[in-house]
Amino acid sequence: MLEGTPLTLVGHDAVAVPTMLAVRTGRAAHAYLVSGPAHTGKSTLARLLAAAAVCLDDAAPCGRCSACHRVAQGVHPDVETLRPGGVCDSSDHDHSTDRSRDIRICQVRRVERLLSLSPYEGRCRVLIFDPADALNSQSADAFLKTLEEPPPRSLMMLVTAEPGLLSDTIRSRCRALTLSRVSEEAIRQVLIATGGIDADRAAVLARLAGGRAGWALTAARAPDFLTQRARRLDEAVTLARAGRVERLAAAERLAAVFTRNRDEVSATLSTWVDWWRDVLLMAAGVPAGMVNTDRQDEIEAAAGASRAAGAWRALVALRQARQDLESNVSPRLALDALMLGLPLLPRGVT
Ligand SMILES: [Zn+2]
Ligand SMILES: [Zn+2]
């Protein structure tokens, strides 16, 4: 476990420790591609490396100094994080309200300008693209120039769960830092050490996390997390058995929730994805990778009824719905299509 309070990276020592040392001693690459599944610590690693680059302590990142704390809070003047909706130099642009899904070329131009200036207080300037796959083709082209001729005293990190969405040219100019899922035991221990929860709850969350420590830590901080999860899973089962009328009513309800609380709908859909993925794994005869092991009986029954093809169809429909909701398709339309795309399991099966 790598710590730079208040940031904690669970696992990944083989990747993180040598890179941290390289940054601390000025031997780092100019650019890193930090990739891996969602909630495994990619953004945390990027910020820890940023802290290592700007903390002035010998044991950077010390985790105690003002620089380390400001990196963790996202307010250090030498550490810029680019994400959709961020600032640029044009006074008439307001990307925080234009529902931008891309990192725009004007945002890239702004950081190019910043990189040409000396660091304010640290040893170097750090750029974090998070997620880097939000660079559109224009902004990626503009950024490529910087990547090819990196300014002195700069460190760039591209964070993404989808490295395949970046061009080969960009990927080939970054050193790869690939994070994988961490062990259930490592997550269980960190939950007990930092999550403030008892051993039983830690064991359940560690198992459900499927190797994603960030997911487990977030879940540990939400007291009613397990209750909400059970409610969403029950809904997945009910819908799989429901007819068209009930499904469309559910789509209407969910669309109404979406207009006031997008996160709730996104959490619901991701719970359903986990459930259907488990059904797929079970139907394919590889249940070892299942996440919802406490619902094994109902998943087994659903796998028998839907077969792998049905579970796959559900996952495709869920993926499409999530994409549609992100690209501002009418929520009702996206959710209607989802509900009609889910396979129908015979009642009494699950
Ligand atoms: Zn420090
Ligand atoms: Zn702009």
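The values are calculated or read from the model by the stated rules, or taken from the named source; none is laboratory data. Computed from a prediction, not measured in an experiment: that's the story for all the values here. Heads up, the Cβs are rebuilt from the backbone with ideal geometry, glycines too, and the neighbour counts pull from every protein chain shown.
Structure notes:
- A Cβ distance below 6 Å, combined with a sequence gap of six or more or placement on separate chains, defines the contacts here; from region 106-131, residues that are in the same structural domain as His30 (by TED's automatic domain parsing) reach residues that are within 14 Å of ligand 2 (Cβ to nearest atom) and among the acidic types (Asp, Glu) in the pairs Arg110/Asp89.
- Pairs where the first residue, in region 63-87, is more than 20 Å from Ala132 (Cα to Cα) and assigned to a loop (DSSP other than H, G, I, E, B) and the second is within 16 Å of ligand 2 (Cβ to nearest atom) and at pLDDT 90 or above, C-beta under 9 Å, 6+ apart: none
- For region 47-74, the set of residues classified as closer than 17 Å to Tyr120 by Cα and over 21 Å from the mean Cα position of the chain (by Cα) consists of Ala52, Ala53, Val54, Cys55, Leu56, Asp57, Cys65, Ser66, Ala67, Cys68, His69, Arg70, listed by residue number.
- The one condition from (1) touching a Phe, Trp or Tyr at 6+ places or on another chain (Cβ under 9 Å); (2) of a type in the set (A, V, I, L, M); (3) closer than 16 Å to Leu155 by Cα that Ala51 does not meet is (1).
- Residue check, Val23 in a helix (DSSP H, G or I) and either within 16 Å of ligand 2 (Cβ to nearest atom) or in contact with a helix residue (DSSP H, G or I) (Cβ under 8 Å, 6 or more places away or on another chain) (or both): yes
- Region 85-103 - residue that is under 26 Å from Glu121 (Cβ atoms) and buried (at least 16 other Cβ atoms within 10 Å of the Cβ) and, of those, nearest to ligand 1 (Cβ to nearest atom): Gly86
- Positions within region 29-62 being of a type outside the set (Ser, Thr, Tyr), under 17 Å from Asp13 (Cα atoms) and not in a loop (DSSP other than H, G, I, E, B), in sequence order: Leu33, Val34, Lys42, Leu45, Ala46, Arg47, Leu48, Leu49, Ala50, Ala51, Ala52
- Subset of region 219-273 that is of a type outside the set (A, V, I, L, M) and not in a helix (DSSP H, G or I) - its residue that is nearest to Leu344 (Cα to Cα): Gly243
- Selection within region 64-76 - within 15 Å of ligand 1 (Cβ to nearest atom) and under 20 Å from Met157 (Cα atoms): Ala67, Cys68, His69, Arg70, Val71, Ala72, Gln73, Val75, His76
- Taking region 249-266 as the range and being in contact (Cβ under 8 Å) with a residue 12 or more places away in the chain and surrounded by fewer than 16 Cβ atoms within 10 Å (Cβ to Cβ) as the test, the residues that pass are Glu252, Thr259, Arg262, Ser266.
- Asn328 meets the conditions (1) closer than 21 Å to Arg262 by Cα; (2) assigned to a helix (DSSP H, G or I); (3) in contact (Cβ under 8 Å) with a residue 40 or more places away in the chain in every case but one. The failed one is (2).
- Residue satisfying all of: in region 209-228; at pLDDT below 85 and either in contact with a strand residue (DSSP E or B) (Cβ under 6 Å, 6 or more places away or on another chain) or of a type in the set (A, V, I, L, M) (or both); nearest to Lys42 (Cα to Cα) among these: Ala222
- Filter result for the condition that a residue is closer than 13 Å to Met156 by Cβ, of a type in the set (A, V, I, L, M) and in contact (Cβ under 8 Å) with a residue 40 or more places away in the chain, over Val23, Val10: Val23
- Matching residues, region 44-68, being of a type outside the set (Asp, Glu) and surrounded by fewer than 19 Cβ atoms within 10 Å (Cβ to Cβ): Leu56, Ala59, Cys62, Arg64, Cys65, Ser66
- Of all residues in region 124-161, exactly one satisfies the criterion of being among the basic types (Lys, Arg) and buried (at least 18 other Cβ atoms within 10 Å of the Cβ), namely Arg125.
- Checking Leu45, Leu82, Leu33, Leu56 one by one, the residue that is within 16 Å of ligand 1 (Cβ to nearest atom) and on the phi < 0 side of the Ramachandran plot is Leu56 and no other.
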